[in-house]
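Each remark here refers to the structure printed beneath this line.
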Amino acid sequence: MEATRRRQRLSSNGGVSETTEEPAGQWGRAWEVDWFSLSAVILLLCTAPFLVFFFVMVCDQYQCSVSQPLVELYSGEATLLSIWEKAPSFTWTAAQIYTVWVSFQVVLYMCVPDITHKFLPGYAGGVQDGARTPAGLINKYEINGLQSWIITHALWYANAQYFHWFSPTIIFDNWIPLLWCTNILGYVVSTFAFVKAYLFPTNAEDCKFTGNVFYNYMMGIEFNPRIGKWFDFKLFFNGRPGIVAWTLINLSYAAKQQELYGYVTNSMILVNVLQAIYVLDFFWNEAWYLKTIDICHDHFGWYLGWGDCVWLPFLYTLQSWKLHHTLPTTHAAAVLLLGLVGYYVFRSTNHQKDLFRRTEGKCSVWGKKPTFIECAYRSGDGGLHHSKLMTSGFWGVARHLNYTGDLMGSLAYCAACGFGHIHPYFYIVYMTILLVHRCVRDEHRCSSKYGKDWKRYTDAVPYRLLPGIF
Ligand code: NDP
């Protein structure tokens, strides 16, 4: 059955692909945009920046009450303009802070090659291969996110304890002016990536033009835009400056609480600890991250560029506004348990797939040899490739238990805020929409990629997130 005619050819960056005449699914993002996707794209482009502003502004001005500004608008007590004018605006101080921050992260990313992998057992840092792109290329990445995170946080700690160059509340104190700065960078980066795709793409074979300017701008054209050999837009903007900042933002909120009330609540500590575990997990597994959808399937546009600069740091840390109460011990224990179990499911599921793919199935999952479905697909250059879809371990229970674990963790962060306000629960609502949509999007892509083999897989593992339900 493998008696198919194959030839090997070298793709433009040196990656090797095989070609054959055997039929298989065709890989890659759609070339044509349906009306539903286009409407969603335009809606998001028009509303997302205002949504972020709204959620941050209500905390700054209305004690996180989402209904209060709407009531004031309805009763005529306020106008859109008066609400807008009440919120702090752009400041040059925030611009300086943000410029120093982003520049520092660029320097750590570009100029400090990873040494942590030399002494941290089990950590995969340094130069690593990414996944095969739709055009059949395999890019190399310098993985040094963990090192950047450690250096940044060590400096933050040294400043707070010894140097006192700036206040640990600096982020909180400049929060809305910083929102302006992140928006500027988010739009500049997305627009630059859009123009670059037309004028000087990094890998022209991996560009996708749909013919619709809004869709191209939002979902991206280039697959892996780079400047020079190593400055990879996706890896940099996805991981830093947003995710390195995540834990610092939380620390800044905790510092503000200490300054205002003289103590830090258990709910604040819980969220700081649970989210720090999630962030550290991300950097510890940065090489694995090269094989996730963001890096190996999504193109780089406003969705990733603006999303990483603005949406992530501002909306993923929303809970911190509502952590000024001490939780009863049972409530705190329940939140901790939910967060840790969620993290366990999330990490173990991701780990099982990674182990399975790295060893090509020659490993042990839950004490047994994993079962799988063999599948084939074609890359854009016509090459035929083979892959395996695991049907045991967590991947035999449901097709995306990693998302389920992520959602449990997200719910824990929100539950740490108590049940008095709906504002912090925006995060779990958003994560549910994001991950359910991602699940559907990924399955659509996998179905195009693997064709009938994907159908065999979904027959073997019928549920997506919750066995027996969805
Ligand atoms: P996955 O890591 O689940 O990757 C999906 C891909 O895995 C599929 O496209 C397919 O790729 C491959 N695959 C699917 N089923 C199987 C199987 N049974 N066996 C082997 N390979 C399989 O998805 P993501 O990249 O979206 O997510 C990674 C993690 O990141 C998740 O835990 C998610 O929760 C988290 N995440 C968090 C976000 C946040 O904002 N906090 C945002 C997005 C993700 P292939 O083409 O290689 O076959």
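The values are calculated or read from the model by the stated rules, or taken from the named source; none is laboratory data. Here the structure is a predicted model, which means the values were calculated and not measured. Methodologically, a virtual Cβ is constructed for each residue, glycine included, from the backbone with ideal geometry; neighbour enumeration extends over all protein chains shown. Accessible surface is based on the protein model in full, side chains and every heavy atom, while ligands, DNA and RNA are left aside. Shrake-Rupley method; radii C 1.70, N 1.55, O 1.52, S 1.80 Å.
Key figures
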| item | result |
| --- | --- |
| Virtual spin-label span in nm between residue 155 and residue 227, 7 Å along Cα→Cβ | 1.8 |
| Net length gained if the chain between residue 51 and residue 187 were fully extended (0.36 nm per residue, minus Cα distance) | 47.4 nm |
| Test item: Cα-centred dipole of the chain, Lys/Arg +1 and Asp/Glu -1 on Cβ, debye | 1280 |
| Length gained when the stretch residue 263-residue 89 is fully extended (0.36 nm per residue, less Cα-Cα span) | 59.7 nm |
| Accessible surface of segment 308-390 [probe 1.4 Å, protein heavy atoms]: carbon and sulfur percent | 64 |
| Over the chain: helical MRE at 222 nm, DSSP H runs n ≥ 4 each giving -39500 (n - 2.57), nearest 500 | -17500 deg cm²/dmol |
| Rounded tilt (10° steps) of 266-284 against the dominant C-alpha axis of the chain | 30 |
| Farthest toward positive dipole pole in the chain [+1 Lys/Arg, -1 Asp/Glu at C-beta], among 150, 329, 417 | 150 |
| Degrees separating the helix 175-199 axis from the principal Cα axis of the chain, which is the longest one | 30 |
| For residue 365, distant residues with modelled amide H under 5 Å away | none |
| Simple Cβ-charge dipole of segment 166-306, Lys/Arg +1 and Asp/Glu -1, about Cα centre, in debye nearest 20 | 160 |
| In degrees, nearest ten, helix 401-415 long axis to first principal axis of the chain (Cα) | 0 |
| Within segment 393-448, chymotrypsin sites (Phe, Trp or Tyr not before Pro) in DSSP loop having at most 15 other beta-carbon neighbours inside 10 Å | 419 |
| Charge-dipole axis of the chain as Lys and Arg at +1 and Asp and Glu at -1 on Cβ define it, positive-most pick from 277, 262, 214 | 277 |
| Whole-Å distance, taken between Cα centres, linking segment 392-470 and segment 315-381 | 11 |
| Cα centre as origin, Lys/Arg/Asp/Glu Cβ charges: segment 404-470 dipole, Debye | 300 |
| Residue-normalised accessible area of segment 319-456, given per residue in Å² at a 1.4 Å probe | 44 |
| Taking the chain and dividing mean pair separation by its residue count, relative contact order in percent (alpha carbons under 8 Å, at least six apart) | 20 |
